[in-house]
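Let me begin by presenting the structure, written as structure tokens, before commenting on it.
The values are calculated or read from the model by the stated rules, or taken from the named source; none is laboratory data. Computed from a predicted structure; not experimentally measured. Using ideal geometry, Cβ is built from the backbone for each residue, glycine included, and neighbour counts are taken over all protein chains shown.
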């Protein structure tokens, strides 16, 4: 996004200039987004409200039209912040647990009461725990750890024997007697598919009905190549569902 | 006199037998981690009775009232730590800040597992009403939770999570029992208030959606 | 008050100022190296007079006569060490460092040399079917393999490698005979095949093409 006017005067600041300082991360805002996208930072640890406040404080509102570029920048921010809210919402949404009774009706008032009471207890337990962990975090253990005496390596005779067996087995030539002669090529099957497609869309299952495993595999590979070349499209309405080949344009 | 590694050759002959108290002091002084009584007995060759007597003498001597070094019973063992009164000084001396505390969500998950556990991930999610998988992963990484067996009664036998020895150490607890019970922590009045509020809501709105709750444990 | 573990909600708030003695005890407890008086003064903000008074109190308390932990004045500062009376105990308590374990590749090289050796580097590569140079170097460094003579029949008379006494020691073996025999481990047909490979390596292909790199590296 350009925020430099033809005269070279800097106008509204680009989002790339927005830096943040949170407990979990400090640096450019765009870096934070990158870390979240790469799963290197847990979205649930990012305080979104704090983030928005930070943005508002760093970029106070200006009267409309006074600083060009501001609208774009704000829009960009709102756009990315909304995505973060969505991501965080998804990360925090209760995992779907099939529970016949509750699915349609929602929890009964009594269930809800029990759940809330349990949660209240957990919450108070957590508060007590937080205080206790904080207190113990400032008790430091001795720094006079004893340096270990030099240790001696231990080798197992059994493991050495197994290693020898493994090393020797590796150098044996792999047997090929189980492999049959390969008698079919991708080109042949591609030709077959293209011929069949002249009559319109084709079910992959019908195509391979009378083929053996090898020919089926090669046929699939041929179909993929043709799809990659744009000569056909592959469609499947559901995972593991029937596969349909449609002639390309 | 050898070096800075905890050895000293004074004029006293090494052959003299050190007292039980000396032995335990020396062993604990050289251990950043708690030392189990069984280890102490094994290393010092003291009888359990002698060791226990020495330990109670040491607890008195290294009590927070009398000493900058405190003897505590924690995570199944004994450990010397600095007196909490000295924490600010220690952080100044080591030029390092106290590690960042855990998030509110992490405290809630630990509280769930401690009080209701061992629990599966699904049970933790259900108890908190929000997905806690990421928090659990983080606590497993920090070795505050561990997988302790599997729930054979649930489909797929999901892992049961429990708190670890490091958790007990971080909480300064001797064992799992060394925590106040939930009944001691939560005011009965507070529980009644929640129940009342629900009843009130119920009469106004017979059906209620999942309540909104601060996922960060706010 | 929960327990005697230093997690006490006593009347003393954490903000209370620790005594001079507490401060110096804590600082020395957290420093394996001697701490200079100037450092103590700087960290604790004590006056020199206060610090000196506290130190002489501590010297008395942590004297070799009264304590398993001893305060000593060494070049440049003060240091806590264990009482020399406890040195035998300390040695018993001291754990043995665990040397880095050997990789699967290293085990293979050692077993080849033990059972088929002494072998040249090229013969080891041939026997394993992968380049083993890095692994061999590592085993020479760790003194588990050694150069024992040269193969005069091969061009350039390359070094012959054999296992060392340290190897036997690590394997808990009296001598080279104190292992299961080659015939117990590998089929006779396999043995002659490998011997062929090794021989072929040495006579027919004195220079090997760059063999496949060992995936286990070393």
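Observations on the structure shown:
- Residue in the stretch B:169-218 that is surrounded by the fewest Cβ atoms within 10 Å (Cβ to Cβ), counting only those that are farther than 22 Å from residue B:128 by Cα and at pLDDT 85 or above: B:177
- Residue A:179 vs. criteria surrounded by fewer than 16 Cβ atoms within 10 Å (Cβ to Cβ), modelled with pLDDT under 85 and outside any loop (DSSP other than H, G, I, E, B): no
- Scanning the stretch A:138-153 for residues that are in a loop (DSSP other than H, G, I, E, B), touching a strand residue (DSSP E or B) at 6+ places or on another chain (Cβ under 6 Å) and at the interface with chain B (Cβ under 7 Å from one of its Cβ atoms) returns A:139, A:140, A:142.
- Candidate set: the stretch C:16-25, residues that are part of a loop (DSSP other than H, G, I, E, B) and within 7 Å of chain B (Cβ to nearest Cβ); chosen: the one modelled with the lowest pLDDT: C:16
- Residue within the stretch A:222-232 that is on the phi > 0 side of the Ramachandran plot and either in contact with a strand residue (DSSP E or B) (Cβ under 8 Å, 6 or more places away or on another chain) or free of Cβ contacts under 8 Å to residues at least 60 places away in the same chain (or both) present: yes
- Residues of the stretch B:154-202 that are in contact (Cβ under 8 Å) with a residue 12 or more places away in the chain and in a helix (DSSP H, G or I): B:165, B:166, B:167, B:168, B:169, B:170, B:182.
- Selection of the stretch C:59-111 for residues being surrounded by 21 or more Cβ atoms within 10 Å (Cβ to Cβ) and farther than 20 Å from residue C:32 by Cα yields C:102, C:105, C:106, C:107, C:108, C:109, C:110, C:111.
- Within the stretch B:78-108, tally of residues that are more than 8 Å from chain A (Cβ to nearest Cβ) and under 15 Å from the mean Cα position of the chain (by Cα): 2
- Qualifying residue in the stretch C:50-58 (condition: within 18 Å of residue A:139 (Cβ to Cβ), part of a helix (DSSP H, G or I) and either more than 9 Å from every other protein chain (Cβ to nearest Cβ) or free of Cβ contacts under 8 Å to residues at least 12 places away in the same chain (or both)): no
- The stretch B:116-134 residues that are more than 7 Å from chain A (Cβ to nearest Cβ) and in a loop (DSSP other than H, G, I, E, B), paired with ones that are modelled with pLDDT under 90 and surrounded by fewer than 19 Cβ atoms within 10 Å (Cβ to Cβ) (beta carbon under 8 Å, 6 or more apart): B:120/B:154
- Tally of residues being out of contact with any strand residue (DSSP E or B) (no Cβ under 6 Å at 6 or more places or on another chain) and either modelled with pLDDT of 80 or more or outside the structural domain of residue A:21 (by TED's automatic domain parsing) (or both) across the stretch A:37-69: 13
- Which numbered condition residue B:147 fails, given (1) away from chain A (no Cβ under 11 Å); (2) modelled with pLDDT of 90 or more; (3) part of a loop (DSSP other than H, G, I, E, B): (3)
- Flag for residue C:28 being crowded, with 16+ Cβ neighbours inside 10 Å, modelled with pLDDT of 95 or more, within 36 Å of the chain's Cα centre (by Cα) and within 20 Å of residue A:141 (Cα to Cα): yes
- Residue within the stretch C:65-77 that is more than 14 Å from chain B (Cβ to nearest Cβ), farther than 30 Å from residue B:42 by Cβ and more than 29 Å from the chain's Cα centre (by Cα) present: no
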